[in-house]
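First up is the structure itself, then whatever we jot down about it.
The values are calculated or read from the model by the stated rules, or taken from the named source; none is laboratory data. All of these numbers come straight from a predicted model, not from anything done at the bench. When we count neighbours, we look across all protein chains shown, and the Cβ atoms used for this are built from the backbone with ideal geometry, even at glycine.
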Amino acid sequence: MMTFCEECHEMVVYLTEDIMKEKVVKGKFIKFEGRRAYCPTCKKDLFVESIHDYNLNQLDAAYRKAEKLITVEEIQNLLELYDIGKKPLACLLGWGEVTLNRYVDGAIPTRNYSNTLFEILSDSKAFEKLLETNRDKISNVAYNKSKAAISRAQQSMFKESTDENKIESVAKYLLLNLSEVTPLALQKLLYYSQGFVKVFEGKYLFKNDCEAWVHGPVYADVYHKYKNFGCDPIDVAMPFDMVDLNITSSEKEVLDSVINHFGCYSGKVLEKMTHSESPWLETRAGLSDTDLSKEIIKKDLIKSYFERIKQKYDMLNTSDIKDYSRDLFTKLTS
């Protein structure tokens, strides 16, 4: 790209570099990551409109972040989330349509206005209350569209919440149904649960990825929650409630088989078992036995491996898992 250099009095192909910049905005010093354009010959700064616009956007983002103000993108997300136009939203809020239009176009909102938008963006129930309280201020079409959007948003949030809690539910189920289980053993049982539920149920038990650590597959979030138990069994007297667990009856059937046929082994034995299997071995290819690694064991590797195991051992139901666990143990001890 070219621009005119006033120092050299000619058109030049300018260069750019990222730099830290500082600007005073409403009496506050704001630092932000900006960019400068300069002449390759005289090294003087050059004015380039696209670079200037980039810096303004970076400054705007840095100021909003420092002041905890809503961004234009977040306002647009709000409109999309609740399937509502700018005019009906302004009516619900009791604002002038011009005010909301200005914010969508990039004007920086006051803190009070920003907090109001943040509240309804982050809490669908707050928006639903606003909608119901002021439904007479918007058309029936606008009301019905937003009402349907709220339902979709709440269902989506519930699904995300239950997905995030799924691995914790599985960990609790394992702890409640085993007499003693160390943090090391729990990690391996989670891994086997994931693999066997996938091949028997056709879906992954939880969305979390496991990492190929020195001592085998590890689900980091669960590890950090129970790591203080060290090599001791995890205290099963913790206040777990089976009613609250997010696990289906068919998933429990698989988990029960994993508990029966793998839960009988110590954490060190389970570690050696996973060390003999291809998902962990392939993920740590090129690493020594002591090299630390957070490489993710890809779910596809887990899926393909356990599919081969299911086929090799002709597993028709979950109780057939015992043949594989016994075979593994025999190989390790022979």
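The table below lists the values:
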read-out: THR330 vs. criteria in a helix (DSSP H, G or I) and either at pLDDT 95 or above or buried (at least 16 other Cβ atoms within 10 Å of the Cβ) (or both); value: no
read-out: Meets criteria (part of a helix (DSSP H, G or I), touching a helix residue (DSSP H, G or I) at 6+ places or on another chain (Cβ under 8 Å) and either in the same structural domain as TYR14 (by TED's automatic domain parsing) or surrounded by 19 or more Cβ atoms within 10 Å (Cβ to Cβ) (or both)) for LEU59; value: no
read-out: Residue within region 57-67 that is farther than 30 Å from THR3 by Cα and free of Cβ contacts under 8 Å to residues at least 12 places away in the same chain present; value: yes
read-out: Some residue of region 139-162 being closer than 30 Å to ILE309 by Cα and either among the aromatic types (Phe, Trp, Tyr) or part of a helix (DSSP H, G or I) (or both); value: yes
read-out: Some residue of region 206-219 being in the same structural domain as LEU281 (by TED's automatic domain parsing), crowded, with 21+ Cβ neighbours inside 10 Å, hydroxyl-bearing (Ser, Thr, Tyr) and not in a helix (DSSP H, G or I); value: yes
read-out: Pairs, first surrounded by 13 or more Cβ atoms within 10 Å (Cβ to Cβ) in region 138-151, second at pLDDT below 95 and aromatic (Phe, Trp, Tyr), C-beta under 7 Å, six or more apart; value: SER146/TYR82; ALA149/TYR82; ILE150/TYR82; ILE150/PHE127
read-out: Matching residues, region 6-54, being assigned to a loop (DSSP other than H, G, I, E, B), surrounded by 16 or more Cβ atoms within 10 Å (Cβ to Cβ) and either in contact with a Leu (Cβ under 7 Å, 6 or more places away or on another chain) or in contact (Cβ under 8 Å) with a residue 60 or more places away in the chain (or both); value: TYR14, CYS39
read-out: Verdict on LYS65 being within 30 Å of SER146 (Cα to Cα) and out of contact with any helix residue (DSSP H, G or I) (no Cβ under 8 Å at 6 or more places or on another chain); value: yes
read-out: Any hit, region 217-233, residues being in contact with a Ser or Thr (Cβ under 8 Å, 6 or more places away or on another chain) and either at pLDDT 95 or above or within 26 Å of ILE309 (Cα to Cα) (or both); value: yes
read-out: Residue within region 116-133 that is closer than 17 Å to LEU255 by Cβ and among the small types (Gly, Ala, Ser) present; value: no
read-out: Total residues in region 91-117, condition surrounded by fewer than 19 Cβ atoms within 10 Å (Cβ to Cβ) and assigned to a helix (DSSP H, G or I); value: 12
read-out: Subset of region 248-277 that is within 27 Å of the chain's Cα centre (by Cα) and at pLDDT 95 or above - its residue that is farthest from LEU178 (Cα to Cα); value: THR274
read-out: Single unsatisfied condition, PHE306 versus (1) without any contact (Cβ under 8 Å) to a residue 12 or more places away in the chain; (2) under 15 Å from GLN194 (Cα atoms); (3) not aliphatic (A, V, I, L, M); value: (1)
